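What follows is one structure encoded as structure tokens, with my remarks underneath.
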Amino acid sequence: MEPEQLIERCISNDVVAQELLYRRYASKMFGVCLRYASNKMEAEDILQEGFIKVFANLKNYRGEGSFEGWIRKTMVNTAINHYRKNLRYFQNIDIESVDIHDTFDKNGLSSLTEEELLKLVQELPQGYRMVFNLYVIEGYSHKEIAEQLNISENTSKSQLSRARGVLQAKVKKLYNIKYYEQSA
């Protein structure tokens with residue numbers, strides 16, 4: 001079924017079409033949600049909330065750009081709203097306590113699996129993770145991130161820099177562990 005037909009049927013509250021739409025896009029969108037969440041359960045919550053918004057706002061989809069891109073943007077916005085709503089619950093870490101290394105063996109990055117990289121991103125402090133995903137993955141500018149998260153552009157730039165530093169340190173540590181295990 002073409003996206004246009006599927007959308008029309010979903011707007012008409014056709015439960016079969018809604019299930020089909022969900023099944024068609026859920027796994028890909030779950031991957032998007034996982035990058036913003038700190039664990040699978042949180043990602044599932046974001047995904048569910050995101051699809052509720054997708055179904056509630058289907059009538060507003062104008063057919064401009066890809067439908068999958070529209071759903072993705074809804075999921076990212078849902079993750080941002082989830083972040084804002086839960087901001088007071090997230091633990092902030094003192095940047096002075098984070099061990100940041102400027103250099104690491106870039107070959108270590110190629111030896112990591114997708115799951116390992118995702119886990120490293122999920123382990124970032126919430127603010128770092130949001131800025132990292134929005135800038136690096138989604139392609140938002142620091143100005144757009146600042147507006148979305150209600151922070152300054154300099155804070156966005158700083159959090160991105162710190163996120164990269166933390167990731168570099170984690171990649172180096174993981175690479176050294178893997179290297180040690182292989183040579184032992």
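The values are calculated or read from the model by the stated rules, or taken from the named source; none is laboratory data. Note that this is a predicted model, so its numbers are computed, not measured. As a convention, Cβ positions derive from the backbone with ideal geometry for all residues, glycine included, and neighbour counts pool all protein chains shown.
Remark: VAL16 matches the filter, which requires a residue to be modelled with pLDDT of 80 or more and either among the β-branched types (Val, Ile, Thr) or on the phi > 0 side of the Ramachandran plot (or both). With respect to the conditions (1) in contact (Cβ under 8 Å) with a residue 60 or more places away in the chain; (2) within 21 Å of LEU117 (Cα to Cα), CYS33 lacks only one, and its number is (1). Counting only residues that are at pLDDT 55 or above and touching a Phe, Trp or Tyr at 6+ places or on another chain (Cβ under 8 Å), the stretch 81-122 holds 5 of them.
Given the criteria outside any helix (DSSP H, G or I) and either in contact with a Ser or Thr (Cβ under 9 Å, 6 or more places away or on another chain) or at pLDDT below 90 (or both), does LEU174 qualify? In short, no. Cβ-Cβ contacts under 8 Å between residues 6 or more apart (or on different chains), taken from a first residue in the stretch 115-134 that is within 11 Å of LEU149 (Cβ to Cβ) to a second residue that is in a loop (DSSP other than H, G, I, E, B) and not β-branched (Val, Ile, Thr), are listed as GLN126/SER38; GLN126/PHE90; GLY127/PHE90; GLY127/ASN92; LEU134/TYR140. Looking at ARG129, ARG162, just one residue is over 19 Å from ALA79 (Cβ atoms), modelled with pLDDT of 90 or more and either among the basic types (Lys, Arg) or in a loop (DSSP other than H, G, I, E, B) (or both), and that residue is ARG162.
Would you say ARG35 is within 19 Å of ILE137 (Cβ to Cβ), buried (at least 16 other Cβ atoms within 10 Å of the Cβ), at pLDDT 95 or above and basic (Lys, Arg)? Taking the combined requirement at face value, the residue does not satisfy it.
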